[in-house]
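Taking it in order: structure first as structure tokens, then the write-up.
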Amino acid sequence: MAHSITLSIQMYSQTIVEHLANPRNVGELQNPSGRGDVTNEACMDRILLTIKMDAEIITTAKVKAEGCPPTIAAASVLTELIIGRSLDDVARLTRHDVEAALEHLPAMKKHCAALAIDALQSAIDDSRRR
Ligand code: FES
């Protein structure tokens with residue numbers, strides 16, 4: 001059992017392992033400026049992202065993630081990528097930016113970065129509707 005856990009952790013970059021050990025900005029904001037709640041229907045991983053803005057700048061972001069280790073790490077690193085930046089700026093982020101921030105994702109886990117971007121886009125769309 002311990003052997004299989006060691007093997008699966010070795011699939012991931014040190015950055016992913018560090019985010020798993022110490023996930024950033026976990027939680028859900030009350031009265032957010034935008035809320036994105038997305039689920040990958042194939043694997044059922046889920047990310048709920050809430051953001052608060054002040055004059056188009058994202059001042060706070062909280063995230064809840066359920067699913068595989070790269071999804072947890074992608075959600076965590078996403079908050080670091082967006083806090084302190086303008087909505088227009090973060091709207092240009094892609095899954096490649098999330099992958100780069102995590103250093104590496106195995107090919108079969110690249111869609112976890114896409115799920116984080118889907119959560120971001122959903123939160124942005126929600127904030128623009130409010
Ligand atoms: Fe599907 Fe992580 S395994 S999003």
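The values are calculated or read from the model by the stated rules, or taken from the named source; none is laboratory data. Quick caveat: nothing in here was measured; it's all calculated off a predicted structure. When we count neighbours, we look across all protein chains shown, and the Cβ atoms used for this are built from the backbone with ideal geometry, even at glycine. Note: areas computed on protein heavy atoms with side chains; ligands, DNA, RNA excluded. Shrake-Rupley method; radii C 1.70, N 1.55, O 1.52, S 1.80 Å.
Numbers for the structure displayed
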item: Residue among Thr6, Thr59 that alone is over 18 Å from Asp97 (Cα atoms) and either at pLDDT below 95 or outside any strand (DSSP E or B) (or both); result: Thr6
item: Residue within the stretch 65-80 that is modelled with pLDDT of 95 or more, open to solvent by 10 Å² or more (accessible area, probe 1.4 Å) and in a strand (DSSP E or B) present; result: yes
item: Pairs, first of a type in the set (Lys, Arg) in the stretch 14-33, second surrounded by 12 or more Cβ atoms within 10 Å (Cβ to Cβ), C-beta under 7 Å, six or more apart; result: Arg24/Ser76; Arg24/Thr79; Arg24/Glu80
item: Hits in the stretch 27-42 (condition: open to solvent by 30 Å² or more (accessible area, probe 1.4 Å), under 15 Å from the mean Cα position of the chain (by Cα) and within 17 Å of Cys112 (Cα to Cα)); result: Asp37, Thr39, Asn40
item: Criterion: farther than 19 Å from Val26 by Cα, open to solvent by less than 40 Å² (accessible area, probe 1.4 Å) and under 12 Å from the mean Cα position of the chain (by Cα) - qualifying residue of Leu93, Leu120; result: Leu93
item: Sole exception among (1) within 13 Å of the ligand (Cβ to nearest atom); (2) crowded, with 18+ Cβ neighbours inside 10 Å for Leu48, by number; result: (1)
item: So Asp45, is it over 15 Å from the mean Cα position of the chain (by Cα) and of a type outside the set (Val, Ile, Thr); result: no
item: One residue from Ala113, Ala100, Ala61 being open to solvent by less than 20 Å² (accessible area, probe 1.4 Å) and either over 12 Å from the mean Cα position of the chain (by Cα) or within 16 Å of the ligand (Cβ to nearest atom) (or both); result: Ala113
